[in-house]
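Have a look at the structure below, then the notes.
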Amino acid sequence: MRGRLAPVALVVGGALAGGNAVGIRYTNRELDPLFGAGTRFAAAALALAVVARARRLELPRGRALSGVAVFGVLNFAGAFGFGYYALVHIDAGVGSALLALTPLMTLAVAVLHREERIRRDALLGGALAVIGVAFISNASLSGSAPMLAVGAALASVVCFAEAAVVVRRFPPVAPIMTNAIAMGVGSAVLLAASIAARETWTIPSRRATWIAFAYLVVVGSMVVFLLYLFVLRHWEASRAVYFDVLIPPVAVVLSAWLDDESISVGLVIGGSLVLAGAYVGAMRHTGEPAATAT
């Protein structure tokens, strides 16, 4: 019965996560990226730890604890460290469209880890996605976005993909406890990187920044990632990360509405190709025999 709720959790979580890219863009205007990401996850980790204690959840030990820590480094420190940097230079629509590559990247990582099997659909989907990224990159570079920012966004995708596959290889832990520990680990790494990068630690002065930060902590971190882990528990990794494919349409609309960001023809074409590639390569099941990866 709980497994039947996975599609609902995916749709709701993906829609809510669509606001994350816009929220990050708002907080990046006052907070340096690594500091902003680190404080966001520190606040969310503290809140989840209080909930975990109230529910008397047991702390994981041994391999289970190691798995949660690895998930924290990859999913929160790595993915969001790169993602926050990227969103300093590219708008939310471009960033979230690149994030839609996560299902294809996850399928590739899962094949390399021998967790899943490869299909010809994946090759077609990959070709569509690569062409789509080319359109998106050209659209972003015609403005003010450097190629380094696009590369950082793609590095974020790789971290998300690796985290989704790796976490399934360790003993399961309650989602609340998983996120509390993983976000705490990710926060520590991000804040250490912020110090190393000599970022300025400041308190926001604008109301919009506080509203965006509150959304990122409560909805974008606590609610979204609890729903994500719920889906990941019931579906294989390459299906669960379809979560990210639902983000671009919401992010593009919110960016156009709240942030006066233009929606170029290149972004529409490229985003559509990325979404099509992600669907064909990772989500569509044609029933063809799958070959075991070598």
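Each value in this text was obtained by applying a stated rule to the coordinates, not by laboratory testing. Quick caveat, the model's predicted, so the values are computed rather than measured. Using ideal geometry, Cβ is built from the backbone for each residue, glycine included, and neighbour counts are taken over all protein chains shown.
Out of residues 5 or more away from residue 118 or on other chains, whose amide H comes under 5 Å of its own, with H placed 1.01 Å from N in the peptide plane? Hits under the 5 Å cutoff: 291, 293.
Computed extension length for residue 88-residue 206: 40.7 nm, one decimal, from 0.36 nm per residue of separation with the Cα-Cα distance subtracted. Dividing the C-alpha radius of gyration of region 2-283 by 2.2 N^0.38 Å, with N its residue count, gives 0.94. Under a 5 Å amide H cut-off, with hydrogens placed 1.01 Å from N, residue 264 pairs with nothing among residues at least 5 apart or on other chains. Extension gain for the segment residue 58 to residue 269, taken as residue separation times 0.36 nm less the Cα-Cα distance, is 71.1 nm to one decimal.
Couplings 3J(HN,Hα) for region 33-40, derived from phi with the Karplus relation 6.51 cos²θ - 1.76 cosθ + 1.60 (θ = phi - 60°), are x, 5, 5, x, 5, x, 5, 4 Hz, where x marks Gly and Pro. Applying the Karplus relation 6.51 cos²θ - 1.76 cosθ + 1.60 with θ = phi - 60° to region 72-81 yields 3J(HN,Hα) values of x, 5, 6, 6, 10, 5, x, 4, 7, x Hz, where x marks Gly and Pro. Placing a pseudo-label 7 Å from each Cα along the Cα-to-Cβ vector at residue 114 and residue 131 gives an inter-label distance of 3.6 nm.
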